[in-house]
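The values are calculated or read from the model by the stated rules, or taken from the named source; none is laboratory data. Please read these numbers as outputs of a predicted model, since none were measured by experiment. Positions of Cβ are generated from backbone atoms using ideal geometry, with glycine treated the same way; all protein chains shown enter the neighbour counts. What goes into the accessible areas is simple: the full protein's heavy atoms, side chains included, and nothing from ligands, DNA or RNA. Shrake-Rupley method; radii C 1.70, N 1.55, O 1.52, S 1.80 Å.
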Amino acid sequence: MLTINACGEISKSAMGVAGKMNKRKDHLNRVLFLLLDNIAWLLVGVSVVVFSLLSDRFLRSYTLINIIPKVVPIGILVIGQSFAMLTKHFDLSSESVLGLVAFSAALLIASPELGGWGTMLPGWMVIVLMLGAGVLIGMLNGFMITKLKLNNLVYTIAILITLRGICYLISPSSSASSLGEGFGWLGGGSLFTITVDGKPVRVPVSLLFFFLIFAAAHVIARYTRFGRNIYAVGADRAAAEAAGIRSERIIIAVYTISGFCAALAAWMLAGRMDSAAMKTGENWIFSIQAAAIIGGISLKGGRGNMIGAMGGVILWGVLNTGLGIAQASPWIIDAILGGLLLLAVLLDAVKNRYFVRKTLKEQLSQSQVGLSDNYLNVNRSLAQGAK
């Protein structure tokens, strides 16, 4: 019996030490996961410090105020992409939806002398047409992917190429301009003007709109039934359907949101530039994907939030502005932004591995499989030791 008690005490002591080590390890993993999940905001802070040291121009009020307005269209596209990615889908057509809608709007408003079709429709009517077109394209994408079971990646790439080709087909000129103050208010208008160091600094409408639309997206994703269903479909579509969630409707809805966001971004961009061209938004899809992923939206679906995605967009804006002030070579800028995309994918892979291990550990801790056999083996060993 003494041997049994001794073995029991040693076993309890060893289990206690192992338990403390596991708790410490879990705590460190949670901290690491939290850092990885908010890496975009950490990189924003580091980038601001670095560019501030490289040039005193970076911290000027005009520069800081205009970082975000430059990337608002990309930010809106990231919202649409994030909703799609949360359901474990992709919408790679969004840049071409933006390009076609923006260019068509410019052609409808501009006079023939300025590259338009000559219809010269009022701005408010064109805005309604733009948003309606974006919704219809997004809805069609969702329908084709869910009802016809088309691969979402290949299908949206095909739409990306097709819509960009249509931009060239409908064009009487390479660009159209002079779209009117009313049309351009959201993208290029001012809320008010402040005076800094004796100089007037304009505060854009788009700056406020950027934060409002991300706040709205965050509320929808986190605090509504629709948002919870999006996460459920992305995490485990079969389980979501078993729980009564109509996954096809959710997927069609997120593609519709993505199309609407593309049209809204087109309005913002064309309004700010007071023009649009055949190549408007071309090659933006890489920036959109990188900003969403570095912001914590998982490629595996079901994880991420809009606040992190907003951090990814702001990081993109800080890098573009800072590298421009530093007069970096275009090749260096491409290399840095490409490296950021690679970093985003690697971080997502690390988080996915951690999440899988954590889930498996939780499942095993709640399972009774094998415990009875192990218990019998331990008892037999202790009994033999007593003899």
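Numbers at a glance
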| quantity | calculated |
| --- | --- |
| Selection from the stretch 68-106 of residues that are under 23 Å from Leu179 (Cα atoms) and of a type in the set (Lys, Arg) | Lys70 |
| The stretch 190-213, subset in contact (Cβ under 8 Å) with a residue 24 or more places away in the chain and within 21 Å of Val101 (Cβ to Cβ), residue surrounded by the most Cβ atoms within 10 Å (Cβ to Cβ) | Ser206 |
| Residue count, the stretch 281-315 (criterion: open to solvent by 20 Å² or more (accessible area, probe 1.4 Å) and over 12 Å from the mean Cα position of the chain (by Cα)) | 4 |
| Hits in the stretch 225-263 - residues which are over 30 Å from Ser190 (Cα atoms), of a type outside the set (Gly, Ala, Ser) and open to solvent by 40 Å² or more (accessible area, probe 1.4 Å) | Arg225, Phe226, Arg228, Asp236, Arg237, Glu241, Arg246, Glu248, Arg249 |
| Cross-chain or 6+ apart pairs with Cβ under 7 Å, the stretch 284-302 first and farther than 19 Å from Leu32 by Cα, then of a type in the set (Phe, Trp, Tyr) | Ser287/Trp316; Ala291/Trp316; Gly302/Tyr231 |
| Selection count, the stretch 171-228, where residues are touching a Ser or Thr at 6+ places or on another chain (Cβ under 9 Å) and either among the β-branched types (Val, Ile, Thr) or part of a loop (DSSP other than H, G, I, E, B) (or both) | 9 |
| Residue in the stretch 286-298 that is part of a loop (DSSP other than H, G, I, E, B) and aromatic (Phe, Trp, Tyr) present | no |
| Any helices (runs of 4 or more DSSP H) falling wholly within the stretch 55-150 and containing at least 3 residues that are of a type in the set (A, V, I, L, M, F, W, C) and within 17 Å of the chain's Cα centre (by Cα) | 67-86 |
| Where Ile166 falls short, out of the listed (1) assigned to a loop (DSSP other than H, G, I, E, B); (2) open to solvent by 40 Å² or more (accessible area, probe 1.4 Å) | (1) |
| Top-ranked residue in the stretch 264-280 [being buried (at least 21 other Cβ atoms within 10 Å of the Cβ) and part of a helix (DSSP H, G or I); ranked as nearest to the chain's Cα centre (by Cα)] | Ala265 |
